[in-house]
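Working notes, beginning with the structure itself.
The values are calculated or read from the model by the stated rules, or taken from the named source; none is laboratory data. Since the model is a prediction, treat every value here as computed from it, not as a measurement. In this analysis, Cβ positions are derived from the backbone assuming ideal geometry, glycine residues included, and neighbour counts consider all displayed protein chains. Please note that ligands, DNA and RNA were not included when accessible areas were found on the heavy atoms of the full protein model with its side chains. Shrake-Rupley method; radii C 1.70, N 1.55, O 1.52, S 1.80 Å.
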Amino acid sequence: MDIQWYPGHMTKTRRMMEENLALVDVVVEILDARLPYSSKNPDIDALAKQKKRILILNKCDLAQQSVTQQWKEYYIAQGFSVLETECSTGKGVKQVTETARQLMKEKLETQKSRGRLFRPIRAMIVGIPNVGKSTFINQYVGKATAKTGDKPGVTRGKQWIKVKNDFELLDTPGILWPKFEDETAGLLLAFTGAINDEILDSQTLAARFLDWAMQWYPASLLERYGLAMPEEASSEARGFALLEEVAIKRGMKGRGGSADILRASKVVLDEFRGGKLGRMTLETPQQIPDRMAQAAQKEKDKAKQKDQRKKQYRARQ
């Protein structure tokens, strides 16, 4: 299931971010704590390499705490300041101001010693769609300043938000990157709703999720749906068998009394995204080297195939 989604407005967003980076001191990137690697936009590292960086592991209440701690240590080792937040409750949100002040402390003291006029710290808030960025801002400011929604792409334009006399935020629309070299990243992002569901086959997506969850969190599926590992050999067959079982156990019937797996697929994805299946983290730091190696090999294979096609075309001329 090769998933790609990069609508035109994201190109405009990337351009807008480039134009406004000169105005900010700190770039705050919000990640989904359930997938801290897949939800981290590699383009941001390239764009903001000269800026102070804060990573926020959001939705920590939906992720496994022990794995979240591993991810925190993983990114701290790379030189990032890392915070954990639960934007639904506001827990941890207020730490951002003090963290930004600490990052800017030396520069601000230098400016003050040179007699430069006071100016507020400016931070740009970035993140992929549906990662909880607007909810974070509303919790941070204390009022409904940013629009929120269950679908990705609710925020469409930039806006400056004054938080305190010495701190300002620049909100930006959610942005992905043009191509997912890592197929697993695209799939995990689709699980969490970061990719528009309207372009996806929800039944296949839900089946893939159930097969994945049965391997990593079987107790959660047993408790929520009464599911057990099916006998089917292939991953796809197992996923659809589980999806059909959900429909049967929930009494979801279609025409002729058959199991309504379309309806079941929407229920499964909604319940996972809403945290009703319990705490689930979709990836660990230990898995990343293998995924990076697989993605690199895939690109090599594609380049080799492209070169072979060119040679074949020349030979026919």
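Scanning the stretch 231-258 for residues that are outside any helix (DSSP H, G or I), more than 22 Å from ALA190 (Cα to Cα) and open to solvent by 30 Å² or more (accessible area, probe 1.4 Å) turns up GLU231, GLU232, ALA233, ARG250, GLY251, LYS253, GLY254, SER258.
A single member of THR192, THR204 is modelled with pLDDT of 90 or more, within 15 Å of the chain's Cα centre (by Cα) and not aliphatic (A, V, I, L, M), and it is THR192. Of all the listed residues (ALA247, ALA295), the sole one being farther than 29 Å from THR68 by Cα and among the aliphatic types (A, V, I, L, M) is ALA247.
Scanning the stretch 22-31 for residues that are open to solvent by 20 Å² or more (accessible area, probe 1.4 Å) and touching a residue at least 40 places away in the same chain (Cβ under 8 Å) yields a single hit, LEU23.
Being out of contact with any Ser or Thr (no Cβ under 8 Å at 6 or more places or on another chain) and assigned to a loop (DSSP other than H, G, I, E, B) is the filter here, so list the residues in the stretch 16-35 that pass it. If the condition is that a residue be out of contact with any Ser or Thr (no Cβ under 8 Å at 6 or more places or on another chain) and assigned to a loop (DSSP other than H, G, I, E, B), then VAL24, ASP25 are the ones that fit.
Looking at the stretch 231-241, can you tell me whether even one residue there is among the hydrophobic types (A, V, I, L, M, F, W, C) and in contact with a Pro (Cβ under 6 Å, 6 or more places away or on another chain)? Yes: one or more hits. Applying the condition of being more than 13 Å from LEU282 (Cα to Cα) and of a type in the set (Gly, Ala, Ser) to the stretch 32-65 and asking which residue is least open to solvent (accessible area, probe 1.4 Å) yields ALA48.
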